[in-house]
Amino acid sequence: MSASREAQAGVVQELTDELGADVVRTSDEQREAYRYDWARDPDAVLPLAVVLPRNVEQVQATMRWATRHGVFVIPRGAGSGLSGGASAQAGSIVLCLERMTAIEVDPATRTARAQAGALNASVKQAAAEHGLWYPPDPSSFQISTIGGNVATNAGGLCCVKYGVTVDYVLGLQVVLADGRLITLGGPRLKDVAGLPLIKLLVGSEGTLGIVTEVLCRLVPKLPEPATLVAIFETLTDAARAVVTTCATSRPSMVELIDNASINAVEDHRAMGLDRAAGAMLLIQSDAAGESRALELAAARAACEEASATEIFETDDPDEGAMFVEARRAVFPALERLGAYMLEDVGAPVPLLPELVGGVADIAAEHDLLIAVVAHAGDGNTHPVIVYDASNEDEKRRAATAFTQIMELALSLGGTITGEHGVGRLKQPLLSRQLGEDVMGLQHAIRKVWDPQGLLNPGAGY
Ligand SMILES: Cc1cc2nc3c(=O)[nH]c(=O)nc-3n(C[C@H](O)[C@H](O)[C@H](O)COP(=O)(O)OP(=O)(O)OC[C@H]3O[C@@H](n4cnc5c(N)ncnc54)[C@H](O)[C@@H]3O)c2cc1C
């Protein structure tokens, strides 16, 4: 929306009159609090207002108002996104679903009906109360919403065996750009009536509609996993172990942490990790009986073949959970080292050693600290470029490295983003991955759903 300040204030007042000042927040402090997501996109600006609906009718009213006045809408869950997908734009409101948190579990259909603002952890907890499990587990599961997970098709630690968010969405309730409410899918395990619009919506980064409710597929709770931890002198050795492990068995978790990440975690919160390790590989198996022993034996053999310097195994769930917690602590720990640019590049698993080796070359070329943590079993890595924001030269080198790492992934037949989404920060490279024809199709689809271009302008594709 481009209009004079007074005109904008009048338009916002109209929404406040309809929904109340408890829902429509306009103070500088409140707008500042919803300006950025975790990516801290430097181009994010103060939104006109932050809208915090309590129910779907208020979401519909907001979208009808936005359509009437041509106001841009930035959908938001918890703002834990790492690609600038929820950063506020000029002339926009932020529509944040954080107050819509109801969850209802139906054990008969093994589903959970969750409002978009429910945290992933709350859905897991509600499922667990019925002996059920909601598998998608981004590292941010305690701080991200189910609506945000759907909008980014979030992955996580267990997707190497259990898949990503889209594999667990049976239904969606969505408010369209003009305020209409649609329902897609239902508690049906098979349904091929019409185009699979649920799959189009999942991962659409808030560009096609506002997700207000998600029907999640649940599965029976699994046995506690056994854990193998292997230490390597180099990240490339550890990556070689991943390639062999994934070719010979089907673990439930394969996570990789490099030396810089280990030390950042230890500095942040001492967990007894080996600070001298070049890399630590964390593998879990939740298979039953003999299969578990076979999987762990395959992982051990792969680690030995790749020159692991130490291998440790445990059946104790608490001990295993401690290593997983250390892995989840990596981003918050690295965040303390300075400004950062966070990558999400992926490659086919057999090319993981080339990907991490190439990242190390780029770090050396630009004399930068680039820590690497990876959902290695998916070939999905998170090189984190840490830099001093007050040093212009270092900032420029970091930006160059950010682009080069995505180019490296593309040269390996990989992707610029495995799970965080394109957002605003990875857009310049998207057409290089998809090609102009596919980009054209995506723009045409967007126009059908959002003819006025109000939803999350500048984000995604
Ligand atoms: C410490 C940390 C660890 C992380 N680990 C992982 C990981 O392992 N795997 C992973 O995939 N991600 C990870 N992330 C990234 C992030 O948590 C996910 O992308 C998550 O799905 C975002 O959820 P959110 O509720 O915070 O969404 P937001 O950040 O608020 O929004 C993300 C995107 O979704 C859109 N959106 C949000 N809600 C809606 C809605 N209701 N309707 C339509 N569009 C909407 C926004 O416009 C934006 O484009 C991590 C982040 C952090 C901070």
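The values are calculated or read from the model by the stated rules, or taken from the named source; none is laboratory data. Worth saying up front: this structure is predicted, and the values here are computed from it rather than measured. Every residue, glycine as well, gets a Cβ built from its backbone with ideal geometry; the counts of neighbours run over all protein chains shown. For the accessible areas, the whole protein counts, side chains as well, though only heavy atoms, and no ligand, DNA or RNA atoms are used. Shrake-Rupley method; radii C 1.70, N 1.55, O 1.52, S 1.80 Å.
Worth pointing out:
- Rounded to the nearest whole Hz, the Karplus-based 3J(HN,Hα) values (6.51 cos²θ - 1.76 cosθ + 1.60, θ = phi - 60°) of region 368-385 follow the sequence 10, 7, 10, 6, 10, 10, 8, 7, 5, x, 9, x, 9, 10, 10, x, 10, 8, with x at glycine and proline.
- Nonlocal amide H pairs with Ala371, under 5 Å, H built at 1.01 Å: Val384, Val386
- Taking 0.36 nm per residue of separation and subtracting the Cα-Cα distance, full extension of the segment from Ala7 to Thr400 would add 137.4 nm.
- In nm, spacing of pseudo-spin labels at Leu189 and Ala33 (7 Å Cα→C-beta vector): 4.4
- Inter-probe distance in nm under a simple model that places probes 7 Å from Cα toward Cβ, at Ala21 and Val219: 5.0
- Selected from Thr62, Cys96, Leu48, residue furthest toward positive end of dipole (the chain; charges at beta carbon): Thr62
- Nearest-ten-degree value, helix 235-248 long axis tilted from longest Cα axis of the chain: 90
- Charge dipole (debye, nearest 20) of region 103-220; +1 at Cβ of Lys and Arg, -1 at Cβ of Asp and Glu: 260
- For the pair Leu410 and Asn55, label points projected 7 Å from Cα toward Cβ lie 4.8 nm apart.
- From largest to smallest, the equivalent ellipsoid semi-axes obtained for region 103-220 from the alpha-carbon gyration tensor read 21, 16, 14 Å.
- Sequence of Lys199, Lys124 when ordered by accessible area, the most exposed leading, probe 1.4 angstrom: Lys199, Lys124
- Under 5 Å between amide hydrogens, built in the peptide plane, is the criterion, and for Ser92 it picks out Leu48 among residues at least 5 positions away or on other chains.
- Carbon/sulfur fraction of accessible area - the chain, other protein chains in place, 1.4 Å, %: 52
- Check: region 226-411 dipole with +1 on Lys, Arg Cβ and -1 on Asp, Glu Cβ, in debye: 260
- Residue-averaged [θ]222 nm for the chain, counting only DSSP H segments that reach four residues, each worth -39500 (n - 2.57): -11500 deg cm²/dmol
- Folded to 0 to 90 degrees: helix 436-449 orientation relative to the chain principal axis, Cα: 40
- Linear extension gain, Met271 paired with Asp178, 0.36 nm per residue minus alpha-carbon span: 28.4 nm
- Per-residue ³J(HN,Hα) for region 48-54, Karplus 6.51 cos²θ - 1.76 cosθ + 1.60, θ = phi - 60°, Hz, x for Gly and Pro: 5, 6, 10, 10, 10, x, 9
- For Tyr36, the accessible area of its heavy atoms, probed at 1.4 Å with every protein chain present, is near 50 square angstrom.
- Taking Cα centre as origin and charging only the Cβ of basic (Lys, Arg, +1) and acidic (Asp, Glu, -1) residues, the dipole magnitude of the chain rounds to 1640 debye.
- Per residue, the chain exposes 41 Å² of accessible surface when a 1.4 Å probe is rolled over the protein heavy atoms with every protein chain present.
- The alpha carbon centroids of region 148-165 and region 311-356 are separated by 16 Å.
- Helix 5-19 vs. the chain, principal-axis angle (Cα, 0 to 90°, nearest 10): 90
- Heavy atoms of Thr400: accessible area, 1.4 Å probe, square angstrom to 10: 50
- Cα gyration tensor shape of region 226-411, rounded if a/c is under 1.5, else prolate or oblate by comparing a/b with b/c: prolate
- Each of Trp133, Val105, Leu368 was scored by the projection of its Cα onto the charge dipole of the chain, and the greatest displacement toward the positive side belongs to Val105; charges sit on the C-beta of Lys, Arg, Asp and Glu.
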